[in-house]
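To keep things clear, I will list the structure first and then write my remarks on it.
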Amino acid sequence: MTSLNLTSRSEFLRVRGLRYHLRRWGAERLPLLFLGHGFLDVSATFEPLVAPLLDRWQVLAPDWRGFGHTEWPQEGYWFHDYVADLDAIVNHYSPDAPLRLAGHSMGSQIVSLYAGLRPARVEKLVLLDGITLPDMPAALAPKRFLHWLDELRETPRERSYASFDELAGRIRRQHPQLSEAHAAFVSRCWGREDGYGKVTLCADPKHYRHGPGLYHAEDSNAVWREVTADTLFVDAGKSFVKMPPEQRAARVSCFRRHRVEVLPEAGHMLHFDAPEETAALVATFLSA
C-alpha cells in the first residue's frame, strides 16, 4: 500500500456562512482535481488514493459541512446544501477553467448532481462506487416525516472512545481487510481528542437523523441526463451497497458519455481496499 505519510496542506474558506476545511495535495502549478468524500468519512483518508496521482495532478478535497474540520451548522443538514457548497468552492478555486470532479459514495451523488446542474463547467467526472441511493416510494412519507419530528426532541450524543487505539479496533472490526497501520491512520483521520480524555468522531451526530424528505431517483435521473462531461464509473465488486442491475443500468445510462470499470475484489471503500488500482483508472481517464 502507498505510504501514509504524504504531506497535505490544510486550507480554510468561508463557504455560505460556514468555516470550511479543505485539504490540498500536490503542486499548485498542476491541473486541479476536486475530490469529495462519502458519508461519515473525511478528506484525509483519500491519501493512499491521491499519492499515485500527484505526478500529473494536484488534488483539493473538502471536508463536507459537519465532517472533519469543517464547521457544524446548528440547524442540521439538507442534501442540496452540499451541492451549493461545492458550487461556492469551485467558483473560488477555479472560476473559469473546466472542472475535473471526483466523488466517492455520498460525494459521488454531490458531484454528479453538480455536473448536471452546471454542465458547461465540468469536463471530467469520476464516480467511485456511487449514485446508489435507494428510491423511496411516496407511501413512506408520513412515517418518515413523523420519525424526523420525533428525532428532533432529543439532541444526538457524540460517540466517544477511550483512545485512538480503541477507535482503530472498531475500524478494523468494520473493515477487517485493513492492516493495523492503516486502521490506526484512519482512526487519526476520523477521530479527535475532546479535551476530556476521550476521542470523538469528526462528524456531527446530527448526521444520524433521518430527514423528513424522500429520495426520488427520477429527480436525480433528470439532472444526470443534463451531464455532458466524460464520466468514469469505478464500481466495487464486493460493495455492500447493492441495487438491482436494471435500476443500476438505468441510472448509468443517464450519463451520455460514460465508461464503467469494476474492481472485483474491492469493497465499497475503494480508497481503503484498492487505492493504487483506483488511482490508475482515474489517472488514465483524466489523461485521455
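Sort out which residues of segment 128-150 are part of a loop (DSSP other than H, G, I, E, B), farther than 14 Å from Leu35 by Cβ and not charged (D, E, K, R), and write them in order of number.
Ile131, Thr132, Leu133, Pro134, Met136, Pro137
Taking Gly130 as meeting all but one of (1) surrounded by fewer than 24 Cβ atoms within 10 Å (Cβ to Cβ); (2) modelled with pLDDT of 95 or more, write down the number of the exception.
(1)
Just the residues that are surrounded by fewer than 24 Cβ atoms within 10 Å (Cβ to Cβ) and more than 13 Å from the chain's Cα centre (by Cα), please, taken from segment 48-71.
Listed by number, the residues that qualify are Pro48, Ala51, Pro52, Leu53, Leu54, Asp55, Arg56, Trp57, Gln58, His69, Glu71.
So which residues in segment 159-210 are assigned to a helix (DSSP H, G or I) and among the β-branched types (Val, Ile, Thr), if there are any at all?
Hits for segment 159-210 are Ile171, Val186.
Hey, among Leu152, Leu146, which residue is out of contact with any helix residue (DSSP H, G or I) (no Cβ under 8 Å at 6 or more places or on another chain), modelled with pLDDT of 95 or more and of a type outside the set (Asp, Glu)?
Exactly one of Leu152, Leu146 is out of contact with any helix residue (DSSP H, G or I) (no Cβ under 8 Å at 6 or more places or on another chain), modelled with pLDDT of 95 or more and of a type outside the set (Asp, Glu), namely Leu146.
If Ser239 passes every condition in (1) out of contact with any Leu (no Cβ under 9 Å at 6 or more places or on another chain); (2) surrounded by 13 or more Cβ atoms within 10 Å (Cβ to Cβ); (3) of a type outside the set (Asp, Glu); (4) assigned by TED's automatic domain parsing to the domain that holds Gly130 but one, which one does it miss?
Going through the list (1) out of contact with any Leu (no Cβ under 9 Å at 6 or more places or on another chain); (2) surrounded by 13 or more Cβ atoms within 10 Å (Cβ to Cβ); (3) of a type outside the set (Asp, Glu); (4) assigned by TED's automatic domain parsing to the domain that holds Gly130, Ser239 breaks only (1).
Quick check on Gly103: is it crowded, with 19+ Cβ neighbours inside 10 Å and in the same structural domain as Val252 (by TED's automatic domain parsing)?
yes
I need the full set of residues from segment 1-60 which are within 19 Å of Ala97 (Cα to Cα), in contact with a Ser or Thr (Cβ under 8 Å, 6 or more places away or on another chain) and of a type in the set (Lys, Arg), in order please.
Listed by number, the residues that qualify are Arg24, Arg56.
Could you list, in sequence order, the residues of segment 133-179 that are of a type in the set (A, V, I, L, M, F, W, C), crowded, with 16+ Cβ neighbours inside 10 Å and over 30 Å from Ala250 (Cα atoms)?
Passing the criteria: Phe164, Leu167, Ala168, Ile171, Leu178.
Enumerate the pairs (first residue in segment 269-288 and not assigned by TED's automatic domain parsing to the domain that holds His175 and surrounded by fewer than 19 Cβ atoms within 10 Å (Cβ to Cβ); second residue anywhere and assigned to a helix (DSSP H, G or I) and not charged (D, E, K, R)) with beta-carbon separation below 9 Å, excluding pairs fewer than 6 apart on the same chain, so at least 6 apart or on different chains.
Cβ pairs passing all conditions: Glu276/Pro48; Glu276/Leu49; Glu276/Ala51; Glu276/Pro52; Glu277/Leu270; Ala280/Pro52; Ala283/Pro52; Ala283/Leu53.
Considering (1) at pLDDT below 95; (2) surrounded by 23 or more Cβ atoms within 10 Å (Cβ to Cβ); (3) among the polar types (S, T, N, Q), say which one Gln74 fails and leave the rest.
(2)
Looking at segment 113-120, can you tell me whether even one residue there is within 19 Å of Val59 (Cα to Cα), buried (at least 16 other Cβ atoms within 10 Å of the Cβ) and of a type outside the set (D, E, K, R)?
yes
Any idea which of (1) assigned by TED's automatic domain parsing to the domain that holds Leu33; (2) of a type outside the set (Gly, Ala, Ser); (3) within 19 Å of the chain's Cα centre (by Cα) is the one Pro264 doesn't satisfy?
So Pro264 meets the others, but not (3).
The values are calculated or read from the model by the stated rules, or taken from the named source; none is laboratory data. What you are looking at is a predicted structure, and each value in this text was computed from that prediction instead of being measured. For neighbour counting, all protein chains shown are included, and Cβ atoms are generated from backbone atoms with ideal geometry for every residue, glycine included.
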